[in-house]
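K.L.:
Let me begin by handing over the structure; questions about it come next.
The values are calculated or read from the model by the stated rules, or taken from the named source; none is laboratory data. Being a predicted model, the structure only gives us computed values, none of them experimental. Cβ: placed from backbone, ideal geometry, glycine included. Neighbour counts: every protein chain shown.
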Amino acid sequence: MKNFSLFFLLLCLLPSSDVLADITDFPDIGIPGNKYSKEGQLAAEQSTKLFQSQAFQEKLSCEKRRLEKEVFSEFINPVRKDPREQNASKILATDEKVYLFLSSSMPDETVHNYLHSIAQIKSSEISPVMKGMVAGMADKKANLRYFSRILKNDLDCNDQREPQGVCSRFKIPIKMNPMLFKRFEIDQVPALVYSTTDETLVIRGDASLVYLLEKVSSEVNSTGLKKLIAIFRERR
C-alpha cells in the first residue's frame with residue numbers, strides 16, 4: 001500500500017505532458033490473427049461445394065427415399081390409392097399444386113389441426129410438407145414417436161388404453177422435401193403455396209386452412225380451389 005501511494009504521488013508531481021508522452025510510447029497491442037483462417041475458410045467452401053454437388057444431393061435423396069420406405073412409410077405414405085380412384089377424385093387442374101408447409105418446431109396441436117382439416121377434405125390435393133425428419137435421420141425412435149403422435153385422430157388418445165391396442169390415425173402422406181422449402185423460399189411456417197406453370201402465390205401466417213385457401217382463391221381464378229373450399233365447408 002505504501003509503494004502504491006508513493007507511485008501515485010510521483011505521478012501527480014510529473015508534468016501532464018510527460019505522463020501522456022510516456023503512455024503513448026507503449027506499443028499497440030492487437031489481437032493476434034488466426035493463422036488457420038485461410039485453411040478454415042477453404043474447408044468451409046469445400047464442404048459447401050460438396051453438399052451442393054449433384055452427386056451428394058442424389059446420394060442424400062436416395063437415403064431419404066430409403067428411410068421413408070423402410071422406416072417411416074407407415075406414417076409418411078400411409079395409403080397407396082388406385083390410380084383410377086385418384087383420377088376420379090381429382091379436383092385441381094393438372095398443373096395446380098397446393099403445398100402446406102409445416103414444421104416439428106410448431107406446437108403439436110397446431111400441426112394436428114392442419115392435418116385434421118386436410119383429412120376432412122378427404123382429398124390428396126393438398127400436400128403437407130416438412131423440411132426433414134424431426135430429430136435427423138439417425139434418431140428413428142424420436143421420428144416414429146412424433147409422426148405417430150401428430151397423425152392421431154385424437155391427440156389425447158393412448159394406444160395402450162384402446163380396446164384394439166392402437167389409436168385411429170389420419171391416412172395423410174407427409175412429404176419430406178427440403179428442396180421445396182428452398183424452391184418457394186419458405187423461411188416461416190405455416191405457409192400455404194399455390195403453384196401452377198404460370199404463377200406462384202405464397203400465403204404465410206398461423207390461420208385456419210380454409211382461410212389460407214380463401215386468401216389464395218381471392219387472388220387467382222381457380223375453379224378447383226373454389227371446389228376444395230366448398231367441400232371443406234360442407235364437411236366441417
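K.L.:
Within region 189-236, which residues are closer than 18 Å to Ile121 by Cα, at pLDDT 90 or above and assigned to a loop (DSSP other than H, G, I, E, B)?
P.N.:
Ala207, Ser208, Ser222
K.L.:
Would you mind stating whether Pro163 is surrounded by 15 or more Cβ atoms within 10 Å (Cβ to Cβ), in a loop (DSSP other than H, G, I, E, B) and not β-branched (Val, Ile, Thr)?
P.N.:
Criteria not met by Pro163.
K.L.:
On to the next question. Just to be sure I understand, how many residues within region 103-132 are modelled with pLDDT of 80 or more and not in a helix (DSSP H, G or I)?
P.N.:
The qualifying residues number 14.
K.L.:
Could you go through region 174-185 and let me know if any residue there is surrounded by 18 or more Cβ atoms within 10 Å (Cβ to Cβ) and in a loop (DSSP other than H, G, I, E, B).
P.N.:
yes
K.L.:
Looking at region 186-197, which of its residues are under 25 Å from Thr223 (Cα atoms) and either crowded, with 21+ Cβ neighbours inside 10 Å or free of Cβ contacts under 8 Å to residues at least 24 places away in the same chain (or both)?
P.N.:
Of everything in region 186-197, those that are under 25 Å from Thr223 (Cα atoms) and either crowded, with 21+ Cβ neighbours inside 10 Å or free of Cβ contacts under 8 Å to residues at least 24 places away in the same chain (or both) turn out to be Pro190, Ala191, Leu192, Val193, Tyr194.
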